[in-house]
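Readers should treat all values here as calculations from the given coordinates under stated rules, not as data from a laboratory. None of the values given here were measured: they were computed from a predicted structure. We place every Cβ from the backbone using ideal geometry, glycine too, and count neighbours over all the protein chains shown.
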DNA sequence: GGCTTCCGCTAATGCTCATTAGCACTAAGT
DNA sequence: ACTTAGTGCTAATGAGCATTAGCGGAAGCC
């Protein structure tokens with residue numbers, strides 16, 4: 001029984017995530033979430049302070065996980081090997097979006113359901129993440145390894161591929177996670193003009 | 001005063017589209033839409049049958065437009081030139097998403113706000129559109145012009161790029177529509193292994 | 001002037017919700 | 001046995017919202 005998660009609040013976050021993914025934040029009621037964990041709506045308030053707070057916890061955790069994954073994917077990769085760095089970053093990005101499709105999906109679509117103080121915080125984390133990719137590409141261009149007219153467009157394109165994965169990917173379906181990750185890593189490199197995946 | 005559009009309902013659809021884009025369908029109220037056209041909420045019912053109907057009209061019109069532009073982009077392009085066909089299809093796709101970002105944005109995100117009979121209809125149109133791209137890529141692979149391990153993944157990737165454009169593109173911003181369209185056409189070809197843009 | 005059509009308005013109506021109050025039960029701990 | 005957390009429940013509360021009723025005015029037509 002830790003303080004943050006005492007199992008019950010985790011269950012609630014998980015159930016809410018599933019419902020937010022399927023119905024959207026606005027269309028999900030506290031009663032729905034309660035039913036998903038075997039409880040009436042009002043009882044949820046014993047474990048979480050509000051519906052908005054559920055969304056906030058889900059979204060900030062997601063963005064932090066994503067950034068953490070990104071950093072650890074690049075840890076130990078030579079800074080002067082932009083090809084390998086972009087490949088690793090993209091693979092981590094895509095793997096995260098495949099493995100945590102609900103989190104990524106909600107994280108992308110429900111930003112507007114966040115109420116001001118939190119919205120800005122999440123948006124800041126998000127643009128920090130975007131900047132990582134743009135920087136990666138700019139380095140590659142500067143080193144003459146990439147051929148991209150606009151690093152910004154290329155980074156948007158690569159990031160958007162990940163969001164797409166979160167939409168259509170199904171665990172246990174075909175193609176599997178590894179195949180998608182590999183393929184999308186190749187896509188990213190091709191996008192910036194690297195030959196032979 | 002024509003029957004379908006008598007200006008007023010068009011104004012309402014346009015205002016609603018803007019609001020749905022910014023706030024989402026659920027979070028937009030009839031009073032909001034009314035205010036945007038200078039009228040109280042209930043007065044809207046003189047021009048449109050319901051809020052849901054506004055969404056339905058927006059979304060079906062969007063999907064039909066998209067399919068129409070796709071077909072006309074390919075009209076007259078040699079069937080045995082998959083490179084040119086994919087380039088044209090992608091350019092039309094991206095141009096549509098840049099030029100009608102609100103329509104495309106709402107069309108992608110509010111499918112779940114559509115009530116059953118319509119949701120299915122829109123989803124059918126959408127998968128018809130997806131299939132066009134997959135077929136295009138399969139032909140290219142069969143003719144040996146494309147190098148794609150999975151036509152399905154490649155088509156998803158290309159389509160997702162378009163959705164991304166609808167999210168971040170701003171009319172009058174940089175890069176402009178033509179630059180984005182050209183760049184994304186090149187991205188699509190690179191994705192399927194075509195060299196030299 | 002009287003009739004009709006259009007279109008806007010305010011006041012219901014009838015939900016659906018998030019959230020709060022207040023009560024009850026259980027399991028420890030003492 | 002008494003108390004205290006912890007957790008659930010039902011019944012408010014209070015707001016927001018789509019939609020409907022019913023009224024009134026303006027414009028055109030006779």
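Measure off 7 Å from each Cα along the Cα-to-Cβ vector at residue A:8 and residue B:170, then give the distance between these two points in nanometres to one decimal.
Distance between label points: 4.6 nm.
Using alpha carbon centroids, what distance separates the stretch A:57-74 and the stretch A:96-126, in Å?
11 Å
Mind checking the full-extension length gain between residue B:61 and residue B:18? Use 0.36 nm per residue of separation minus the Cα-Cα distance, one decimal, nm.
Taking residue B:61 through residue B:18 to full extension adds about 13.9 nm, to one decimal.
Run lengths n ≥ 4 of DSSP H only: what is the helix-derived mean residue ellipticity at 222 nm for the protein assembly as shown, with -39500 (n - 2.57) per run over all residues, to the nearest 500?
-23000 deg cm²/dmol
Across the stretch A:1-48, what fraction of all alpha-carbon pairs, as a whole percent, falls in each successive 10 Å bin from zero upward?
29, 55, 15, 1
Relative contact order, percent, of the stretch A:1-48 when contacts are C-alpha pairs under 8 Å separated by at least 6 residues?
Once normalised by length, the contact order is 32 percent.
How large is Rg/Rh for the stretch B:51-140, to two decimals, with Cα atoms and a Kirkwood Rh?
In the stretch B:51-140, Rg relative to Rh is 1.02.
Given all pairs of different Cα atoms, what value in angstroms does the Kirkwood hydrodynamic radius of the protein assembly as shown take?
22.5 Å
Run through the other copies and list how far each one's label point is from that of residue B:64, in nm with one decimal, shortest first; the point sits 7 Å from Cα along Cα-Cβ.
List, nearest first: 5.0 nm.
Over the whole of A:139-151, what's the average partner chain Cβ count within 10 Å per residue? Rounded to a whole number, please.
1
Along each of its three principal axes, how wide is the spread of alpha-carbon positions in the stretch A:1-89, in whole angstrom units, largest first?
Its Cα atoms span 56, 31, 18 Å along the three principal axes.
What does the average come to when, for each residue of peptide A:155-161, you count the partner chain Cβ atoms lying within 10 Å of its Cβ?
6
How far is residue A:7 from the same spot in each other copy, in nm, shortest first, if each label point sits 7 Å from Cα toward Cβ?
Going from nearest to farthest copy, the values are 6.7 nm.
Working from Cα positions, state the angle (0 to 90°, nearest 10) between the long axis of helix B:8-23 and the longest principal axis of chain B.
It works out to around 70 degrees.
Give me the angle, in degrees from 0 to 90, between the Cα long axis of helix B:151-168 and the longest principal axis of the Cα atoms of chain B, rounded to the nearest 10.
Rounded to the nearest ten degrees, it is 40.
Cα convex hull of the stretch B:106-166: mean projected area in nm², to one decimal?
Average projection, Cα convex hull of the stretch B:106-166: 4.6 nm².
I need to check one value: relative contact order of chain B, counting alpha carbon pairs closer than 8 Å and at least 6 residues apart, in percent.
Dividing the mean separation by the residue count of chain B yields 23 percent.
Label position 7 Å from Cα toward Cβ: report the copy-to-copy distances for residue B:29 in nm, one decimal, ordered from shortest.
Output for residue B:29: 1.9 nm, nearest copy listed first.
Helix A:177-191 against the longest principal axis of chain A: what's the angle in degrees, Cα atoms only, rounded to the nearest 10?
50 degrees
Can you divide the C-alpha Rg of chain B by 2.2 N^0.38 Å and report the result to two decimal places?
1.14
Could you work out the relative contact order of the stretch A:89-160, using alpha carbon pairs under 8 angstrom and six or more residues apart, expressed as a whole percent?
RCO, the stretch A:89-160: 27 percent.
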